Each structure stands twice: as C-alpha cells, then as structure tokens.
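Asker: Questions regarding the structure given below will be posed in turn.
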Amino acid sequence: MKALAITNPGQCEIQEIEKPEPEEGEALLRIHKVGFCGGDLNAYRGTFPMQQYPMIIGHEVGATIEAIGPGVPDEFATGTRVTLNPYQAGADDRDNCLPCRRGLSNAAVDNRTMGVRRPGAMTDFIVVPHEKLYRSDTLTHRELALVEPLTVGFHAANRGQVAAGEFVMVFGCGIVGLGAVSGAAAKGANVIAVDIDDRKLEVAKKAGARYTINSLNEDLHNKQLEITGGDGPLVCIEAVGLPATFRACVEEVAFTGRVVYIGYAKETVEYDTKLFVQKELNVFGSRNALSEFHDVITLLEERGKFPVDDVISRNVQMDEAPQAMADWAADPSTIIKMMLVLD
C-alpha cells in the first residue's frame with residue numbers, strides 16, 4: 001500500500017509499505033481522511049525541531065475500524081467510525097516520566113507523536129491501541145479528521161483558565177487558532193480574533209469570535225483597548241509561531257493576565273521582561289491535548305457550532321500530495337486545512 005513521507009526538508013515522496021495486522025488490544029483502521037498539520041508544513045520546510053526524517057506523516061484522522069485483535073472492547077467493533085489520539089510516550093518513558101505519572105501524558109518527556117517521531121497515518125491502513133480511539137456514530141470522516149487539531153486549541157483555552165465573560169484574544173486563525181477561538185467561546189468568553197487575512201477572520205466569527213482585528217491594517221493596541229474598555233484582554237493565546245506575536249501577547253495582555261503559547265517561534269524571541277513583573281503575568285505553554293477530544297467531538301456533533309465547510313481549503317489525492325505539499329510551502333496563506341482523501 002502507498003504512504004506519504006517527508007524524507008528530508010523540502011523532499012516529499014510516495015512510498016510502498018506493508019499492510020499491518022492488529023495484535024492484542026489493537027484495531028486495524030482503514031484511513032479515509034487525514035489532515036495536513038502545520039507541523040507537517042514546518043517539517044517540510046525544515047523548521048520543526050521535533051521532526052525526525054524520513055517519516056510517514058499524518059495524525060489528524062478520520063477512519064473506520066476494519067478489524068480488531070483480541071481484547072478490544074465491544075464499543076470498537078468492526079465498521080465503527082473513529083478518530084485517534086496520536087500522542088504516545090516512548091517505551092522507556094511511560095513508567096518513569098513525571099508528566100505521565102501526573103496524568104499529563106500530552107507533555108511526556110519522550111513524546112512520540114504520529115508522523116513526527118513514529119510513523120503516521122497518511123496511508124491506507126494503520127494499527128492503533130484501542131485506548132487511543134474516539135468513536136462517533138454521527139460525524140463524517142472529514143469531521144473526525146478535524147478533531148485532533150481543534151483539541152490543541154481547546155487545550156490552550158483550558159491552559160489559560162478561560163472563564164465566562166473574560167476578554168480572550170487569539171493570535172492566528174489557522175485551524176489550531178480557530179480551535180482556541182471555539183474553545184474559549186464555548187466557555188462564554190468574549191473572543192477577539194487577530195489575523196492579517198480578512199477571509200480567515202470571517203471564519204473566526206463563525207467559530208465563535210465576537211470581535212476581529214486585522215493587525216495588518218488596523219492598530220492592534222488601540223483597537224483591543226477600545227474593545228476591552230481600556231483594560232486589555234485577560235487572556236492572550238498565541239497560535240502563529242512568530243517572535244512578533246509572542247511579544248504582542250505579553251505587550252497586549254491585561255495586567256494580572258494570562259498568556260498561552262501554542263506555536264513554536266522559528267527564532268529567538270527577545271522580551272522587555274519588566275512586563276512580566278509589572279503585570280504579574282502567568283505565562284503557559286500548551287502542548288497537544290488531553291480530555292479535549294470528548295469536548296471537540298461533542299461540539300462537532302452539534303451541527304452548525306463550527307464552520308467545517310469553511311476551514312477545509314483543499315482536498316488532495318495521494319498522487320497529488322507531494323506537489324500539494326510544495327504548493328502549500330510556497331504559499332501557506334491560502335490554506336486553513338488541507339486534507340488527504342483516501343476513499
């Protein structure tokens with residue numbers, strides 16, 4: 001069967017691999033849809049520090065259970081539609097890792113996300129431990145393939161302790177940023193979405209943003225002060241990965257506010273550190289997701305709560321995928337979510 005791999009920065013190819021078989025506790029999944037992650041783009045560009053090469057990519061999955069091994073619970077019977085949690089601690093890390101012992105395996109010291117440090121899902125069949133599966137009887141495969149990237153934004157909203165009535169400013173309206181917008185809005189926050197693309201800002205409104213700021217042609221500082229009555233947002237969430245937006249979160253967040261970083265900055269970020277002390281800030285990193293899979297599935301099952309049709313910018317077949325990756329790297333601004341179609 002065919003699989004899509006990034007072999008080195010700037011090099012993407014279709015490979016032939018063997019079909020796997022499920023062992024005890026595992027399910028064999030037939031893959032229907034796989035989302036291209038921003039991490040895949042950075043891996044292709046050579047700017048993702050976690051990426052190993054060569055690697056079959058993909059971890060945003062919409063699949064059907066094709067077969068099961070012994071010991072898989074009845075809820076994961078053959079024919080069930082599922083998505084999956086792609087994060088896994090390394091074999092030597094599972095019993096010794098402090099985050100894992102604390103129930104925070106999303107931040108395992110030796111985290112091995114599918115498509116990053118172990119083979120991914122951009123192929124016809126994969127095997128997965130049943131503990132990693134999440135089912136839905138109503139979501140389509142493309143909706144299931146949106147679950148994982150949205151959980152990353154939901155997790156950031158949880159890390160920021162977002163509460164009802166608070167002003168929350170989200171930098172970046174890609175799929176992860178839209179997850180943060182939707183997750184904060186679901187908590188009753190007044191969400192301000194910030195981007196330089198009006199089309200993405202319109203999608204952010206459909207995802208739950210009450211206000212939008214195009215920071216390319218609007219004064220970010222003055223606009224957010226106008227919206228927040230001069231206080232500034234209590235929470236700023238960074239989902240871009242640029243030094244400028246890392247700094248803007250600290251500069252624009254309210255005194256005694258909270259900053260959440262999802263993105264990886266591509267270069268060193270310099271701060272005026274007095275703002276950390278003067279504002280008495282809480283600054284959080286946010287990595288992957290935990291129980292948010294259930295929350296996102298519930299959201300998507302409530303039809304109309306998230307603009308699924310608006311976020312899928314391009315569908316590609318396997319034979320088109322290497323060129324599609326090159327196109328995306330050349331002009332990422334046109335894509336919110338690109339999806340590999342295998343059915």
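The values are calculated or read from the model by the stated rules, or taken from the named source; none is laboratory data. These numbers were taken from a predicted model, which means no experiment stands behind them. Every residue, glycine as well, gets a Cβ built from its backbone with ideal geometry; the counts of neighbours run over all protein chains shown. Side chains are part of the model used for accessible areas, which takes the heavy atoms of the whole protein and leaves out ligands, DNA and RNA. Shrake-Rupley method; radii C 1.70, N 1.55, O 1.52, S 1.80 Å.
Asker: List the relative contact order of the stretch 83-187 as a percent without decimals, with contacts defined as Cα pairs under 8 Å and 6+ residues apart.
Answerer: Values: 104 pairs, mean separation 24.5, N = 105.
After rounding, I find 23 percent.
Asker: List the residues whose amide H sits under 5 Å from the amide H of Tyr134, counting only those 5 or more places along or on another chain, with H placed 1.01 Å from N in the peptide plane.
Answerer: Answer set, sorted by chain and number: Thr83, Leu84, Asn85.
Asker: Can you compute the modelled spin-label distance between Ser313 and Leu98, with each label point 7 Å from Cα toward Cβ, in nm?
Answerer: Inter-label distance under the simple model: 3.9 nm.
Asker: Then there is this: Sorting Lys279, Lys33, Lys266 by accessible area (1.4 Å probe), largest first, what list results?
Answerer: The most accessible residue leads, giving Lys266, Lys33, Lys279.
Asker: Rounded if a/c is under 1.5, else prolate if a/b beats b/c, else oblate: with a ≥ b ≥ c from the C-alpha gyration tensor eigenvalues square-rooted, which is the stretch 155-218?
Answerer: Prolate, because a/c is 1.5 or more and a/b exceeds b/c.
Asker: To continue, here is another question. Rounded to the nearest 500 deg cm²/dmol, what is the calculated helix-only ellipticity per residue at 222 nm for the chain, with -39500 (n - 2.57) per DSSP H run of length n ≥ 4? Intermediate results must be reported in sequence, preceding the final value.
Answerer: Working: 11 runs with 100 residues, N = 343.
Rounded to the nearest 500, it is -8500 deg cm²/dmol.
Asker: For the chain, report the translational diffusion coefficient in µm²/s to the nearest whole number, using Stokes-Einstein at 20 °C, 1.002 mPa s, and a Kirkwood Rh over Cα pairs.
Answerer: In µm²/s, the coefficient is 105.
Asker: Once you charge only the Cβ atoms, +1 for Lys and Arg and -1 for Asp and Glu, what is the size of the charge dipole of the chain about its Cα centre, to the nearest 20 debye?
Answerer: 560 debye
Asker: Rounded, prolate or oblate: pick one for the stretch 1-114, where a ≥ b ≥ c are the square roots of the eigenvalues of its C-alpha gyration tensor, a/c under 1.5 means rounded, and failing that, prolate if a/b is larger than b/c, else oblate.
Answerer: The shape class here is oblate.
Asker: While we're on this one: Keeping every protein chain present and rolling a 1.4 Å probe, give me the accessible area per residue for the stretch 213-253 in Å².
Answerer: Values: 1730 Å² over 41 residues.
Accessible surface, normalised per residue, equals 42 Å².
Asker: Under the Karplus relation 6.51 cos²θ - 1.76 cosθ + 1.60, θ = phi - 60°, what is the ordered set of whole-Hz ³J(HN,Hα) values for the stretch 155-160, x standing for Gly and Pro?
Answerer: 4, 4, 5, 5, 4, x
Asker: Could you work out the relative contact order of the stretch 250-336? I mean the mean sequence separation of Cα pairs under 8 Å and 6+ apart, divided by the number of residues, in percent.
Answerer: Working: 50 pairs, mean separation 21.2, N = 87.
Once normalised by length, the contact order is 24 percent.
Asker: Of all beta bridges DSSP finds with both residues in the chain, what is the antiparallel percent, to the nearest 5?
Answerer: Rounded to the nearest five, the antiparallel share is 55 percent.
Asker: Using the Karplus equation 6.51 cos²θ - 1.76 cosθ + 1.60 (θ = phi - 60°), what ³J(HN,Hα) coupling, rounded to whole Hz, does each residue of the stretch 265-277 give in order, writing x for Gly and Pro?
Answerer: Here the 3J(HN,Hα) series is 5, 7, 8, 4, 9, 9, 10, 8, 5, 4, 5, 4, 7 Hz.
Asker: With +1 assigned to the C-beta of every Lys and Arg and -1 to the C-beta of every Asp and Glu, and no other charges, what is the dipole magnitude of the stretch 71-111 about the Cα centre in debye, to the nearest 20?
Answerer: 160 debye
Asker: Rounded to the nearest 20 debye, what is the charge dipole size of the stretch 281-343 about its Cα centre when +1 sits on each Lys and Arg Cβ and -1 on each Asp and Glu Cβ?
Answerer: The calculation lands at about 240 debye.
Asker: With θ taken as phi - 60° and the coefficients 6.51, -1.76 and 1.60, list the Karplus ³J(HN,Hα) couplings across the stretch 281-292 in order, rounded to whole Hz; mark glycine and proline as x.
Answerer: For the stretch 281-292, the Karplus curve yields 7, 9, 10, 10, x, 9, 10, 6, 7, 10, 6, 4 Hz.
Asker: Now, a different point. Which GluC sites (Glu not before Pro) in the stretch 17-60 pass both tests, a DSSP loop state and at most 14 other beta-carbon atoms within 10 Å?
Answerer: Details: sites: Glu18, Glu23, Glu24, Glu26, Glu60; in loops: Glu18, Glu23, Glu24.
For GluC sites (Glu not before Pro) across the stretch 17-60 that sit outside H, G, I, E and B with at most 14 neighbouring Cβ atoms in 10 Å, the list reads Glu18, Glu23, Glu24.
Asker: I need to check one value: relative contact order of the stretch 60-115, counting alpha carbon pairs closer than 8 Å and at least 6 residues apart, in percent.
Answerer: Reported as a whole number, the value is 30 percent.
Asker: I would also like to ask the following. Compare the peptides 38-45, 235-242, 209-216 by average per-residue count of other Cβ atoms within 10 angstrom and give them in order, highest first.
Answerer: Highest to lowest by the protection proxy: 235-242, 38-45, 209-216.
Asker: For the stretch 167-299, what does the equivalent ellipsoid look like in terms of its semi-axes, each the square root of 5 times an eigenvalue of the Cα gyration tensor, given largest first in whole Å?
Answerer: Listed largest to smallest, the semi-axes of the stretch 167-299 are 21, 17, 15 Å.
Asker: Another question, if that's okay. Could you tell me which of rounded, prolate or oblate describes the stretch 189-267, using a ≥ b ≥ c as the square roots of the eigenvalues of the alpha-carbon gyration tensor, with rounded for a/c under 1.5 and, failing that, prolate when a/b is larger than b/c and oblate otherwise?
Answerer: Rounded is the answer for the stretch 189-267, as its axis ratio a/c remains below 1.5.
Asker: Of the peptides 104-110, 146-152, how do they stack up when ordered by the mean number of other Cβ atoms within 10 Å, highest first?
Answerer: Working: 104-110: 17.3, 146-152: 27.4.
Going from most to least packed, we get 146-152, 104-110.
Asker: OK, next. Return the distance in nm (one decimal) between the two label points of a simple spin-label model at Ser291 and Ala330, each offset 7 Å from Cα along Cα→Cβ.
Answerer: Placing both labels 7 Å along Cα→Cβ, they lie 4.7 nm apart.
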